[in-house]
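> One structure, pasted below without further comment.
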Amino acid sequence: MSTYTPQKPMPKERDMRIAIVKTLWNGHITSALMEGALKTLKEQGIPSDMIETFDVPGAVELTFAASSIIESGLFDSVIVLGCVIKGGTPHFDYVCQSVTQGITHLNSDCDIPVIFGVLTVDNEQDALDRAGGKLGNKGAEAAEAAIMMYDFKQKLNQI
C-alpha cells in the first residue's frame, strides 16, 4: 500500500480561489471525495468563501466544466472529482481516455492548474478504499495538489 504524503508542511496563508467540480455519477463515492477535499482545504487555511463547488452529470462532462471555469478567470485552480468503475463493456476505456486526455489538454494549454481527482477503478470496493477508506482519500490529495500547484505558480511568478 502506498499513500501520498506532502514533502513539507504547507504554509497556512494563501489568497487563492478554488473551484471543485464533482460528478453526480457514482455520487456516494464522489461526495466522499468532495468531503476529503473540502476538509483538507479548510485545514490548510483556505476559507470556505474562496471555494466554489459545482456538479456535472458524469466524468466526460468534467473537461467542459473545467474549461468553462478557466475561461471565467475567477479561480486559481480547478479540482475535478469523479469515479469511473469498470464494467463489462469498453465504455470504461472510452470514458477514462476522454476525461484523462481532456484534463491533460487543459493543463498543457491553460494558465491555471486542473487537478485530476478522478478514480478509475476495477470495482466499487477499490473506489471506496480511495474515497476515505483504507487507501486514504484521493479528494484530500487533490486538494493538497491544488495548493502545491498554486504555490508553484506563485514562486514562478516571482522569478
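The values are calculated or read from the model by the stated rules, or taken from the named source; none is laboratory data. All values derive from a computational prediction rather than experimental measurement. Because the Cβ atoms are built from the backbone with ideal geometry, glycine has one as well, and the counts that use them run over all protein chains shown. Keep in mind that these areas ignore ligands, DNA and RNA; they rest on the heavy atoms of the full protein, side chains included. Shrake-Rupley method; radii C 1.70, N 1.55, O 1.52, S 1.80 Å.
> Determine the equivalent ellipsoid of the chain by diagonalising the alpha-carbon gyration tensor, then write out the semi-axes as square roots of 5 times the eigenvalues, largest first, rounded to whole Å. Working shown, then result.
Details: eigenvalues 123, 68, 37 Å².
The answer is 25, 18, 14 Å, longest axis first.
> Now for a different question. Taking all protein chains as present, what is the carbon and sulfur share of the accessible area of the stretch 35-123, in % to the nearest whole number, probe 1.4 Å?
The C+S portion of the solvent-accessible surface of the stretch 35-123 is 53 percent.
> At a 10 angstrom cut-off on C-beta neighbours, averaged per residue, how do the peptides 72-83, 137-148 rank from highest to lowest?
Details: 72-83: 21.6, 137-148: 23.6.
The densest-packed peptide leads the list: 137-148, 72-83.
> Expected output is a single nm value to one decimal: the length gained when fully extending between Glu43 and Ser108, i.e. 0.36 nm times separation in residues minus the C-alpha distance. What is it? Can you show the working numbers first?
On the way: separation 65, 0.36 × 65 = 23.40 nm, distance 2.93 nm.
Here the answer is 20.5 nm.
> Same structure again: Working from the alpha-carbon coordinates of the stretch 13-74, get Rg over Rh, Rh being the Kirkwood radius.
Details: Rg = 12.2 Å, Rh = 12.4 Å.
Rg/Rh for the stretch 13-74 comes to 0.99.
> Count of lysine pairs in the chain with Cα atoms under 22 Å apart, counting only pairs 8 or more residues apart in sequence or on different chains?
Close lysine pairs found across the chain: 21.
> Shifting gears a bit: Among Cys96, Leu128, Ser108, pick out the residue whose Cα is farthest towards the positive end of the charge dipole of the chain, where Lys and Arg carry +1 and Asp and Glu carry -1 on C-beta, about the Cα centre.
Result: Leu128.
> Over all distinct Cα pairs, what is the inverse of the mean 1/r for the stretch 107-159, reported as the Kirkwood hydrodynamic radius in Å?
12.7 Å
> In addition: If you build the convex hull over the alpha carbons only and average its shadow over all orientations, what do you get for the stretch 53-117? Give it in nm² to one decimal.
4.2 nm²
> Test of understanding: extend the Cα→C-beta vector of Ser68 to 7 Å, then name every residue of the stretch 84-102 with backbone N under 18 Å from that spot.
99, 102
> For n ≥ 4 DSSP H runs only, could you compute -39500 (n - 2.57) per run for the chain, divide by its residues and tell me the 222 nm figure to the nearest 500? Could you put the intermediate results ahead of the total?
Working: 5 runs with 77 residues, N = 159.
Calculated at 222 nm, the ellipticity per residue is -16000 deg cm²/dmol.
> Have a look at the DSSP beta bridges in the chain and tell me what percent are antiparallel, nearest 5.
On the way: 2 of 21 bridges.
Beta bridges within the chain, antiparallel portion: roughly 10 percent.
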